[in-house]
Amino acid sequence: VSRRHIYGAGKYRRTSCGGWKRIDTPAPEVIGAIELRKVIPEHRSGEVGILVGDRAYWGRGYGTDAMRALCRFAFEEMDLHRVHLGVLEFNTRAIRAYEQVGFVVEGRLRQDAYLGGHYYDSLVMGLLREDFGGAETARRG
């Protein structure tokens with residue numbers, strides 16, 4: 001997945017952002033959506049969100065690649081310094097994917113979500129520009 005597979009990514013402006021962008025495969029088939037939101041220009045920060053809804057594509061790297069492309073866009077084209085996200089503690093596949101991009105756990109919101117009769121913690125994960133650059137260098141080897 002490259003930036004061209006994030007439909008609408010070129011529509012972002014340096015000082016405003018928002019709206020889900022679809023993630024598609026080279027076929028192209030829409031399999032999910034990704035968003036850069038809550039951008040605060042004076043802090044050079046923003047929040048990211050992603051959903052790969054089609055389970056047939058889970059574990060195949062599409063979410064990781066789309067997140068990597070969106071973070072590259074956020075840092076290189078929007079000149080952001082930091083991005084963050086929230087993820088539920090049981091979503092280990094997503095946590096692993098975010099860590100591969102370079103995100104680190106920065107905090108835990110205890111019993112933040114109530115699903116199916118149980119409380120779950122939410123993790124706050126963050127990524128700084130320099131950490132992303134280091135993760136990219138290590139990935140390319």
Mind putting a number on the dipole of the stretch 85-141 about its Cα centre? Charges go on the C-beta only, +1 for Lys and Arg and -1 for Asp and Glu, and I need it in Debye to the nearest 20. 180
Solvent exposure ordering (accessible area, 1.4 Å, most first) of 51, 36, 115: 51, 115, 36
Grab the alpha carbons of the stretch 70-112, take their convex hull, and tell me the volume per residue in Å³. 77
Between residue 77 and residue 130, what is 0.36 nm times their sequence separation minus the Cα-Cα distance? Round to one decimal in nm. 17.6 nm
Can you tell me how much longer the chain between residue 88 and residue 105 gets when fully stretched, taken as 0.36 nm per residue apart minus their C-alpha distance, in nm with one decimal? 4.9 nm
How many Å² of accessible area per residue for the stretch 24-78, probe 1.4 Å? 48
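The values are calculated or read from the model by the stated rules, or taken from the named source; none is laboratory data. Quick caveat: nothing in here was measured; it's all calculated off a predicted structure. Cβ atoms come from the backbone with ideal geometry, glycine included; neighbour counts cover every protein chain shown. Only protein heavy atoms, including side chains, enter the accessible area calculation; ligands, DNA and RNA are left aside. Shrake-Rupley method; radii C 1.70, N 1.55, O 1.52, S 1.80 Å.
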